[in-house]
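> I am attaching a structure below and will ask some questions about it afterwards.
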Amino acid sequence: MSKTNRLDWSRQVTLMNERIKNFQANPGQEQLDAVIEELKAYAEAARNGGIEIPARFTVN
């Protein structure tokens with residue numbers, strides 16, 4: 001996985017985590033819908049090969 005691909009993947013994961021945190025801090029239908037849409041987009045991109053997901057990664 002190239003550094004650029006890893007950076008793109010990392011940004012997408014960060015965005016998903018931020019949406020989830022926003023929902024947890026302020027539960028509501030709008031935040032829930034945003035989280036679900038973000039997860040669906042990530043799953044679709046992974047399914048279609050639109051993003052490369054590292055086989056292994058380290059969380060800091």
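The values are calculated or read from the model by the stated rules, or taken from the named source; none is laboratory data. Note that the structure is predicted; figures quoted are calculated from it, not measured. Quick reminder, even Gly has a Cβ in these numbers, built from the backbone with ideal geometry, and neighbours come from all protein chains shown. Heavy atoms of the whole protein, side chains included, go into the accessibility calculation; ligands, DNA and RNA do not. Shrake-Rupley method; radii C 1.70, N 1.55, O 1.52, S 1.80 Å.
> Identify, from the list I20, I53, the residue that is β-branched (V, I, T) and either on the phi > 0 side of the Ramachandran plot or modelled with pLDDT of 80 or more (or both).
Working: I53 fails: either on the phi > 0 side of the Ramachandran plot or modelled with pLDDT of 80 or more (or both).
That would be I20, the only listed residue that is β-branched (V, I, T) and either on the phi > 0 side of the Ramachandran plot or modelled with pLDDT of 80 or more (or both).
> With the structure loaded, tell me whether P54 is more than 9 Å from the chain's Cα centre (by Cα), outside any helix (DSSP H, G or I), touching a residue at least 24 places away in the same chain (Cβ under 8 Å) and exposed (fewer than 12 other Cβ atoms within 10 Å of the Cβ) or whether it fails that test.
Numbers: more than 9 Å from the chain's Cα centre (by Cα): yes; outside any helix (DSSP H, G or I): yes; touching a residue at least 24 places away in the same chain (Cβ under 8 Å): yes; exposed (fewer than 12 other Cβ atoms within 10 Å of the Cβ): yes.
Against the criterion (more than 9 Å from the chain's Cα centre (by Cα), outside any helix (DSSP H, G or I), touching a residue at least 24 places away in the same chain (Cβ under 8 Å) and exposed (fewer than 12 other Cβ atoms within 10 Å of the Cβ)), P54 qualifies.
> Need pairs with beta-carbon distance below 8 Å; first residue open to solvent by less than 70 Å² (accessible area, probe 1.4 Å) and within the stretch 29-42, second of a type in the set (A, V, I, L, M) and not in a helix (DSSP H, G or I); sequence gap 6+ or separate chains.
Y42/I51
> Checking D8 against (1) at pLDDT below 85; (2) outside any helix (DSSP H, G or I): exactly one of these is not met. Which one?
For D8, the exception is condition (2).
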